[in-house]
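Take a look at the structure below.
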Amino acid sequence: MSAGPVFLIDDDADLRRSTEQALDLAGLTPEGFARADTVLDRITAGFGGVVITDIRMPGLDGLSLMTRIHEIDPDIPVILITGHGDVPLAVRAMREGAHDFIEKPFSGAQLASIAARTLEYRKLVLDNRRLRAVAGQADDLEARLVGRSNAMIGLRRQIRTIGASDADVLIVGETGTGKEVVARALHDLSARAAKPFVAITCSALPETLIESELFGHEAGAFPGALRARSGKFDHARGGTILLDDIGAMPLDLQAKFLRVVEERVISPLGSNDLRELDVRFIATSRVPLEGLVAAGRFRPDLLYRLNAVSLTVPPLRDRAEDIPALFTQLLASAQARHSLSARAANPAMLAQLSGLDWPGNVRELRNVAERHALGVADLDGPSEDAAAMRLSDMMATHERKLLVDALIRHRGALKPVYESLGLSRKALYDKLSRHGIDKTQFQDSSADE
């Protein structure tokens, strides 16, 4: 496997460019980013590179970025760039999982040497994972897709079998079952693991711009196209494209996409040139596509092309025996993410969870684990302390629960939170401050604020 990429995040444009040049001269493959949040879409559990980030940046800082990266894969090496006064902070970060740190001012050759050694370390980690998977031993796939039910054992076996191939795959499963987790696992087990994984939600693409978003366009291709732009298919070259909810793709676009799948070529809007496209396609659907074909809403030839290899992700209600272990893992993850002390769920609570229907599947269970970690879920039954609470305390607890629920539901985006709760922006900030709620703990890279 060739050396993976070196992601460099620093809001200082001059320092970022000079450091990129130094890494490039040392034979590495650097890619610079001005903001930390733009990196997260490029990180998967099979990411074969290293991340070098400044600690102090506006928005998502280097330490928070490291935490988010280690939620995806705790073994991804993160190297921190520190100012003189940040050294104690960096030492603490080393204890919390940072791979190394380098203090400003530093030489490009020094950083390149650290990055090269770290890339070798990352390669060994991924090689060991692949060897364990081939030998049938426990690997990170079991951590990502938790469960000892026959359905989950069979699903993991299928993923290991077809992951290393280059075959296109159709993944079918209800909302919240973890279809994207399966898709990322397939990507990470393939030879494309070091290349981009580009997720495209077909139902969220603006209908008037959908072709431009996917295929790109030339300058002047349509009113407002002042300059040429690459599409999402271009961005994924060498990697994997996930087409989430492919059943929502308009029929006229399905015909053009069929040609892309069959011939692996694209033509940007406004151009007659054909460009070769080296990608693997993975599509997901919430319902079997045969029903959409029968209703005339999906092309049968596209279904046959995508359905050569298909996987079904079981709903949570069909593997109730997996719920205790899955909830325990989700709870531990939420507690670590919010820097909370570990608190196990009691057996009665786990039995209660196992008996529920979970229409939202793993996503719904994750939200319950999140609320339980934050102390706003009433799943353990009333306690004597709760019975003795004053009315004001009970109201405050209820208000905090409403705020946390809204933040989880809207992934930390504040505008829909204060609109859904009927608050002004200032009132929401005041309440978050009063309850000690950090909005950044709920945000992901898609949050709009």
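None of the figures in this text is laboratory data; all of them are computed from the coordinates on show. These numbers were taken from a predicted model, which means no experiment stands behind them. Note that we place each Cβ from the backbone using ideal geometry, even for glycine, and neighbour counts take in every protein chain shown.
Between Val309 and Arg343, what FRET efficiency follows from the Cβ-Cβ distance if R0 is 51 Å, with the result rounded to 0.05? Calculated value: 0.75. Put in order of Cβ neighbour count within 10 Å, fewest first, the listed residues Asp24, Asp357 become Asp357, Asp24.
Spin-label model, Leu40/Glu321: points 7 Å from Cα along the beta carbon direction are separated by 3.6 nm. Computed extension length for Arg237-Arg157: 26.0 nm, one decimal, from 0.36 nm per residue of separation with the Cα-Cα distance subtracted.
Taking amide H as placed 1.01 Å from N in the peptide plane, Ile171 has its amide H under 5 Å from the amide H of Ala283, Thr284, Ser285, Leu311, each at least 5 places away in sequence or on another chain.
Computed from phi, the 3J(HN,Hα) profile of the stretch 190-205 under the Karplus parametrisation 6.51, -1.76, 1.60 (θ = phi - 60°) reads 9, 6, 8, 4, 7, 9, x, 10, 10, 9, 10, 8, 4, 6, 9, 6 Hz, with x in place of Gly and Pro. The three principal axes of the C-alpha atoms in the stretch 6-132 carry coordinate ranges of 41, 30, 26 Å, sorted with the longest axis first.
Remark on the chain: ratio of C-alpha radius of gyration to 2.2 N^0.38 Å is 1.05.
Between Gln329 and Gln352, full extension at 0.36 nm per residue minus the direct alpha carbon distance yields a gain of 6.6 nm.
Counting neighbouring Cβ atoms within 10 Å and putting the fewest first, the residues Leu306, Leu316 line up as Leu306, Leu316.
Taking amide H as placed 1.01 Å from N in the peptide plane, the amide H of Phe101 sits under 5 Å from that of Leu80, each at least 5 places away or on another chain.
For Ala199, the residues whose amide H sits under 5 Å from its own are Leu242, ignoring neighbours fewer than 5 places away on the same chain, with H placed 1.01 Å from N. Within the stretch 301-365, the trypsin sites (Lys or Arg not before Pro) that combine a DSSP coil assignment with at most 13 other C-beta atoms in a 10 angstrom radius are Arg343.
The Cα-based radius of gyration and maximum Cα-Cα distance (Dmax) for the stretch 241-370 are 20.9, 65 Å. Pairwise alpha-carbon distances in the stretch 144-312 exceed 26 Å for 29% of all pairs. Here the 3J(HN,Hα) profile of the stretch 106-113, calculated from phi with Karplus coefficients 6.51, -1.76 and 1.60 at θ = phi - 60°, is 10, 8, x, 5, 5, 5, 4, 5 Hz, Gly and Pro shown as x. When both bridge partners sit in the chain, DSSP labels roughly 10% of those beta bridges antiparallel. Cβ crowding within 10 Å, taken as a proxy for footprinting-reagent exposure, orders Lys179, Lys104 from fewest neighbours to most as Lys104, Lys179.
Once the chain from Glu399 to Leu124 is taken as fully extended at 0.36 nm per residue, the excess over their C-alpha distance is 94.2 nm. What separates the Cα centres of the stretch 396-433 and the stretch 289-365 is a distance of 27 Å. Here is how the number arises for the chain: DSSP H runs of 4 or more residues each give -39500 (n - 2.57), the sum is divided by the residue count, and the result at 222 nm is -13500 deg cm²/dmol.
The calculated FRET efficiency for His435 paired with Val91, based on their beta-carbon distance and R0 = 25 Å, is about 0.20.
The overall shape of the stretch 6-66 is oblate: from the C-alpha gyration tensor, with semi-axes ordered a ≥ b ≥ c, the ratio a/c is 1.5 or greater and a/b is no larger than b/c. Along the axis of the charge dipole computed for the chain (Cβ charges of +1 for Lys and Arg, -1 for Asp and Glu, origin at the Cα centre), the listed residues Ile9, Ala427, Thr284 are led at the positive end by Thr284.
For the stretch 49-56, 3J(HN,Hα) computed residue by residue from phi via the Karplus equation (6.51, -1.76, 1.60; θ = phi - 60°) reads x, 10, 10, 10, 9, 5, 6, 9 Hz, glycine and proline entered as x.
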